[in-house]
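Written below as structure tokens is the structure these notes are about.
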Amino acid sequence: MSLAPRLDLRQSQSLVMTPQLRQAIKLLQSSNLEVAAFVEEELERNPLLERDERPQPGPDDGHRVDPLPAAPEAPDAHAAAVSDALPQEQAGPLDAEWDNVYDSGGYESPYGRGGRADFADDLSGIEDLASGGRSLREHLGEQVRLTFEDARDRLIAAQMIALLDPAGRLAVEDAAIARAMGCELAKVAAVRARMQRFEPVGMFCRSLAECLAVQLAEQNRLDPAMQALLDNLEMLARRDRAGLMAVCGVDAEDLSDMIAELKRLDPKPGASFDAPPAPAVVPDVLMRRGEDGGWILELNPETLPRVLVRRGFYARCQVGARSKDDRVFLAEKLQSANWLLKSLEQRASTIIKVAQEIVRRQDAFFRHGVEHLRPLILRDIAEEVQMHESTVSRVTANKYIATPRGTFELKYFFTTAIAGTQGGEQHSAEAVRWRIRAMVAAEDPDAVLSDDAIVEKLRQEGVDIARRTVAKYREALRIPSSVQRKREKAVPA
């Protein structure tokens, strides 16, 4: 065996993630807002890029695909973005149950995430984008200055404002505040009692029951029966009407009036302040019906970054370059600009290609509704458009499509499959959840459906589903158990 040094030639293959490739992947999975922010940064960094100020093309002049299979039953709509609800704050167990009590419109449906879509060019909501008024603490601080003359009272009030949570609760005990401030417990309690009547009424309370009690007392409606109801909110969350009537000493009609009165109160009086405006969901893809009844897809021109390469400026700078470093700098910036434009174009074409296939697969959903949503996984789309599953996953992340049935995230159309009975056709999990909700909404008050009964009905319709899966879907839809629903419907509302 020779140990002498020598030279060998070897060939090998390796995948190198260049900065340009990483940039293209990042753009592909970014939302339109993130892409717009990235392009703005590139416009500041690269002198060879400029914003395209030319008039935007009309609806029929941009990116477009061939019409898809006809769907004459669907209404014609050139849909647009709508605002999503503000994110819910994290709440305690009783607060979470109370949210169910406040849901006066029935059980919550997860299918309203898109909402209606309308491309009307009006400025009716422009005032919502204006800067808000005073913050919650500024609003309360002004009332403190007008209410308390003693400097110690103002100091205690300022400490309470600092400890306030976003919902308007002050869970800290009076004794703890008194020890921290070095003052009497009675003074802290007196200051808190006066501040609970500040506008909005019900702030600085320790619990939900106390918050509602303060609001009722302000309206002179806190009678013994209502106090008993507030003391047993957990029974109200369980919808135990019979038990509440016994505790409060009222009949069914009076209890219904009392519950309706509670629903008119504000369980989180501080939540309306300091809340940012709801971010508008701007769709990346617009969907409308063609003249032949098929679907036409196009990219939303409002979300397409419009940049140009300043080739004339580059030529002039290249002629005037005096050193090798200047020429290298210009060459790098030109390459970066060209790559950015290529990445944006590739991103646009990939989004429209994937969206086209999704619409083709889910055509029945747009014609008939969520009950006809088909099972779909990333592999199905990837094989059809000849892309990798990871690419399809990046394309559908944070991308929205405006349809006649509302604005939906592209990932909404990917649902797991539930097997059919006796080897029948598979069913979408989202469609099964919708069917469970429809069954509960239509159930007879004298024959409330248990989870086992729902399983039996679904199997009769060809859905092979387990009882634990039905229970999981029912809880996700915020539908009470059959025992709770039976207890609620046993007493007239």
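Bear in mind that the values in this text are calculations on the coordinates, not laboratory data. Just so you know, these numbers come straight off a predicted model, no measurement behind them. No Cβ is skipped: glycine too gets one built from the backbone with ideal geometry, and neighbour counts run over all protein chains shown.
In whole Hz, what ³J(HN,Hα) sequence does the range 341-346 give by Karplus (6.51, -1.76, 1.60; θ = phi - 60°), x for Gly and Pro?
4, 5, 5, 5, 5, 5
Treat every Asp and Glu Cβ in the range 136-263 as -1 and every Lys and Arg Cβ as +1, leave all other atoms uncharged, and give the resulting dipole magnitude about the Cα centre to the nearest 20 debye. All intermediate terms of the calculation are to be shown ahead of the outcome.
On the way: 16 positive and 21 negative charges, 101 e Å.
Charge dipole, the range 136-263, about its Cα centre: 480 debye, nearest 20.
In nm, give the distance between the simple-model label positions of ALA36 and ILE259, each being 7 Å from the Cα along the Cα-to-Cβ direction.
My value for the distance between the label points is 4.5 nm.
For TYR314, what is the net charge nearby, where nearby means another residue's Cβ is under 14 Å from its Cβ and Lys, Arg count +1, Asp, Glu -1? Please report the intermediate quantities before stating the final value.
Details: positive: ARG310, ARG311, ARG316, ARG327, LYS333; negative: GLU50, ASP326, GLU332.
Counting the neighbours of TYR314, the net charge comes to +2.
Taking the Cα centre of the range 417-490 as origin, sum charge times position over the Cβ atoms of Lys and Arg (+1) and Asp and Glu (-1), and report the length of that vector in debye to the nearest 20.
The dipole of the range 417-490 has a size of about 320 debye.
Roughly how many whole Å is it from the C-alpha centroid of the range 384-456 to that of the range 4-46?
Going from one Cα centre to the other spans 37 Å.
List every residue whose amide H lies under 5 Å from the amide H of CYS205, counting only residues 5 or more places away in sequence or on a different chain, with H placed 1.01 Å from N in the peptide plane.
Answer set, sorted by chain and number: LEU170.
Pairs of Cα atoms under 8 Å, at least six residues apart: use those to get the relative contact order of the range 215-256, whole percent. Before the final figure, lay out each step's value.
Working: 23 pairs, mean separation 14.1, N = 42.
In percent, rounded to a whole number, it is 34.
Set the bar at 22 Å for Cα to Cα. Now go through LYS268/LYS472; LYS457/LYS486; LYS26/LYS342 and name every pair that lies beyond it. Walk me through the intermediate numbers first.
Working: LYS268/LYS472 29 Å; LYS457/LYS486 19 Å; LYS26/LYS342 14 Å.
Flagged as over cut-off: LYS268/LYS472.
Return, for the Cα atoms of the range 190-283, the radius of gyration and Dmax in Å, separated by a comma.
16.0, 54
In cubic angstrom, how much convex hull volume per residue do the alpha carbon atoms of the range 363-437 span? Mind showing how you got there, number by number?
Values: hull volume 7.9 nm³, N = 75.
Taking the convex hull of the Cα positions in the range 363-437, it is 105 Å³ per residue.
May I ask you to derive the relative contact order of the range 136-263, considering only C-alpha pairs under 8 Å and at least 6 residues apart, and to give it as an integer percent? Could you put the intermediate results ahead of the total?
Details: 107 pairs, mean separation 21.2, N = 128.
About 17 percent, as a whole number.
Mean shadow of the range 136-263, computed from the convex hull of its alpha carbons, in nm²? If you can, show how the numbers build up before the last one.
Working: hull surface 33.8 nm².
For the range 136-263, averaging the hull's shadow over all directions gives 8.5 nm².
Stick to the Cα atoms of the range 323-447, pair each with every other, and give me the Kirkwood hydrodynamic radius in Å at one decimal.
Numbers: mean 1/r = 0.0569 Å⁻¹.
17.6 Å is the Kirkwood radius here.
What's the FRET efficiency of GLN11 with ALA280 using the Cβ-Cβ distance as r and R₀ = 41 Å, to the nearest 0.05?
0.15
Find the eigenvalues of the gyration tensor of the Cα atoms of the range 417-490, then list the square roots of 5 times those eigenvalues as equivalent ellipsoid semi-axes, largest first, in whole angstrom.
Values: eigenvalues 103, 28, 18 Å².
Semi-axes (√(5λ), whole Å): 23, 12, 9.
Ranking CYS205, CYS211 by Cβ neighbours within 10 Å, fewest first, what do you get? Can you show the working numbers first?
Values: CYS205 22, CYS211 26.
Neighbour counts put them in this order, fewest first: CYS205, CYS211.
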